[in-house]
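The values are calculated or read from the model by the stated rules, or taken from the named source; none is laboratory data. What you see is a predicted model, and the numbers here were worked out from it, not measured in a lab. Note that each Cβ is placed from the backbone with ideal geometry, even for glycine, and that neighbours are counted across all protein chains shown.
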Amino acid sequence: MASTAARIALVTGANKGIGFETARQLAQAGVFALIGARNAERGQAAVDQLKAQGLDAAFVQVDIVNAESIAAAAASIDKQFGKLDILINNAGAVDENDGPPSTASVDAARRIFETNFFGTLSVTQAMLPLLRKSAAGRIVNVSSTLGSLAMNGDASSAYYEVRLIGYNASKAALNMLTVQLAQELRDTPILVNAICPGYVDTDLSGHKGYLSPAEAARTPVRLALLKDGELTGHFVDANGEVPW
């Protein structure tokens, strides 16, 4: 059923963690939140939670490493809403066999890239025709400070010793996607930015993070709700700019 909300947002990997909180906060701001998830049961459970809070949401099944699933999700959104205003590329992956360049499993690095870069690129390409129908499209890529070449190369940085070649390199690639897409779309109303949510208490971090998903979601939500022309082609966290 089509929504009467002014803006429609798709959040990938939104059945839990940062993705769920991002969808919830967007819905609280009056945006119709599409919960993108692979698992229909978990995705619908997340929607039910939001609806129980009086928020507008619906489930969209999407596996970002499956081309047919992505195409079906785009077709479903087009049929129901005719446009997309906000795309939050939140879905991401880690692998226990990742590690320093000298010892990391190459297959693990490939698996990570398949989700964190190629999957995100595929979803973005599929959703761009819908975003072009928006008066003010927004794309937010959930990256990581671990994807910053500057921070990885700074011996005084807290991230200097975190050597996960697959994960870090995949986020650096995602940052490149952000920069190039922002340049490509510079003459359109679509703004494209990357964010670092911080070290968050989620399944992805093994629940070692010091930020709650609700706290971490504030940054992608802020970027999703930017005013026209406010910011594009940037990499930011809660405190401001992050070096590429």
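Remarks
- Checking Ala29, Ala23 one by one, the residue that is within 22 Å of Leu211 (Cβ to Cβ), of a type outside the set (Asp, Glu) and surrounded by 19 or more Cβ atoms within 10 Å (Cβ to Cβ) is Ala23 and no other.
- Failed condition for Thr103, given (1) over 18 Å from the mean Cα position of the chain (by Cα); (2) buried (at least 16 other Cβ atoms within 10 Å of the Cβ); (3) of a type in the set (Val, Ile, Thr): (2)
- Selected residue (criterion: farthest from the chain's Cα centre (by Cα)) from residues of segment 153-168 that are assigned to a loop (DSSP other than H, G, I, E, B) and not aliphatic (A, V, I, L, M): Ser156
- Segment 175-212: number of residues that are under 19 Å from Asn15 (Cα atoms), under 14 Å from the mean Cα position of the chain (by Cα) and modelled with pLDDT under 80: 1
- Taking helices (runs of 4 or more DSSP H) as the structural unit, no element lying wholly within segment 1-92 holds at least 1 residues that are of a type in the set (Ser, Thr, Tyr) and in contact with a Cys (Cβ under 6 Å, 6 or more places away or on another chain).
- Meets criteria (assigned to a loop (DSSP other than H, G, I, E, B), over 21 Å from Val221 (Cα atoms) and not hydroxyl-bearing (Ser, Thr, Tyr)) for Asp107: no
- Members of segment 213-229 that are farther than 10 Å from Asn193 by Cβ and assigned to a loop (DSSP other than H, G, I, E, B): Leu225, Lys227, Asp228, Gly229
- Condition broken by Val47, with the remaining ones in (1) under 20 Å from Thr115 (Cβ atoms); (2) out of contact with any helix residue (DSSP H, G or I) (no Cβ under 8 Å at 6 or more places or on another chain); (3) crowded, with 20+ Cβ neighbours inside 10 Å satisfied: (1)
- Filter result for Val123 (within 30 Å of Phe81 (Cα to Cα) and touching a residue at least 60 places away in the same chain (Cβ under 8 Å)): yes
- Qualifying position, being closer than 22 Å to Ile86 by Cβ, basic (Lys, Arg) and in a helix (DSSP H, G or I), among Lys171, Lys133: Lys171
- Here Val142, Val60, Val65, Val123 are screened, and the one residue that is at pLDDT 95 or above, crowded, with 16+ Cβ neighbours inside 10 Å and under 21 Å from Trp244 (Cα atoms) is Val142.
- Candidates Asn15, Asn116, Asn90, Asn39 - the one that is surrounded by fewer than 20 Cβ atoms within 10 Å (Cβ to Cβ), modelled with pLDDT of 95 or more and polar (S, T, N, Q): Asn39
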